[in-house]
Each structure stands twice: as C-alpha cells, then as structure tokens.
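Each remark here refers to the structure printed beneath this line.
No value in this document is a laboratory result; all are computed from the given coordinates. Every value quoted in this text rests on a predicted model; they were computed, and no experiment measured them. Please note: Cβ atoms are built from the backbone with ideal geometry, for glycine as well, and neighbour counts cover all protein chains shown.
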Amino acid sequence: MPRASSPLLLAGLLATAAVAHAAAPAKFDATVPRSLPGSPRAWTYASGAAELALAVGVAHPRTRRVAALATAAFFVGVFPANVKMAVDARHGSPRARAVTLGRLPLQVPLVLWARKVSRDA
C-alpha cells in the first residue's frame, strides 16, 4: 500500500484528472475564466494534456523532482478556475455551493503534497 505522500498516488490523481478532462470536457469548459484568450475547450484539453504530462513526469524517478515542482505550480495556476466555479455556484444549490467552496482550501494540501514529492525525489 503506497504512503499518502507517494509520488505514484500523485501521478494517479493527475492521470485521473487528465482522463476526466478528455471524457467530460463540458464540465471543465465552464470553469475556464472568460478572461483567457481562445476557446474554453482548448484550455480544457490543454490542461488535461498538462496533467497527463505531469503524471508521467511524477511517476518516473528521473523526472520526478522537476515534474513535482511543476505540479505544485500547476495547482496554483488552476486556482482561479476553482474560484470561478465557487463564484458561479453562488446562485446554485446549497450542495453545489458547499462543494465548490470546499474545493478552494484543498488546493493548499495539493501544492504541499507536490512539493513534498519533489523534496523527497
């Protein structure tokens, strides 16, 4: 059983997110801030591709340190999308508001996890 700080668990999380971006892109399109140039779908696919590349990098011991640092930066970079989701849900159901607000503080442990994986590499 892998440790909670395992790089393979982090890689699995990233790979799962990448697959989700490809399998259900419309869900992710809605989180793309309107201020970004281009189509939301392009950003959805690009972020999914980035997650897949990061997953591969974190999984491989040779590239783990740099890929885990890039993953921490990626988690910081997608934070505005999570804020947008929370703002968009303000008129939604109480459940939707709770879920989107609950996601915001989860970015902190994800960033810290990726940094730990990088330090331990």
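Extension gain for the segment L104 to A42, taken as residue separation times 0.36 nm less the Cα-Cα distance, is 20.0 nm to one decimal. Mean separation of Cα pairs under 8 Å and 6 or more residues apart, divided by the residue count, gives the range 1-119 a relative contact order of 30 percent. Extension gain, R115 to A20: 0.36 nm times the residue separation minus the Cα-Cα distance gives 31.8 nm.
Each of (i) -0.32, -1.19; (ii) -0.37, -1.22; (iii) -0.53, -1.17 is a candidate for log10 I(q)/I(0) by the Debye sum over Cα atoms at q = 0.10, 0.21 Å⁻¹; the one calculated from this structure is (i). Projecting the Cα positions of Y45, A18, L112 onto the charge dipole of the chain (unit charges on Cβ atoms of Lys, Arg, Asp and Glu, taken about the Cα centre) puts L112 furthest along the positive direction. Given +1 at the Cβ of Lys and Arg, -1 at the Cβ of Asp and Glu and no other charges, the dipole of the chain around its Cα centre is 240 debye to the nearest 20. Residue ranges 54-61, 92-99, 22-29, 77-84 sort as 54-61, 77-84, 22-29, 92-99 when ordered by packing (mean number of other C-beta atoms within 10 Å per residue, highest first). Compared with the dominant Cα axis of the chain, that is its longest principal axis, helix 64-77 is turned about 10°.
Using only DSSP helix segments of four residues or longer, with each worth -39500 (n - 2.57), what per-residue ellipticity at 222 nm results for the chain after dividing by its residue count and rounding to 500?
On the way: 6 runs with 93 residues, N = 121.
Taken over the chain, the calculation gives -25500 deg cm²/dmol.
In whole angstrom, note down how far apart the Cα centers of the range 94-121 and the range 1-78 are. About 13 Å separates the Cα centre of the range 94-121 from the one of the range 1-78. Mean separation of Cα pairs under 8 Å and 6 or more residues apart, divided by the residue count, gives the range 57-121 a relative contact order of 49 percent.
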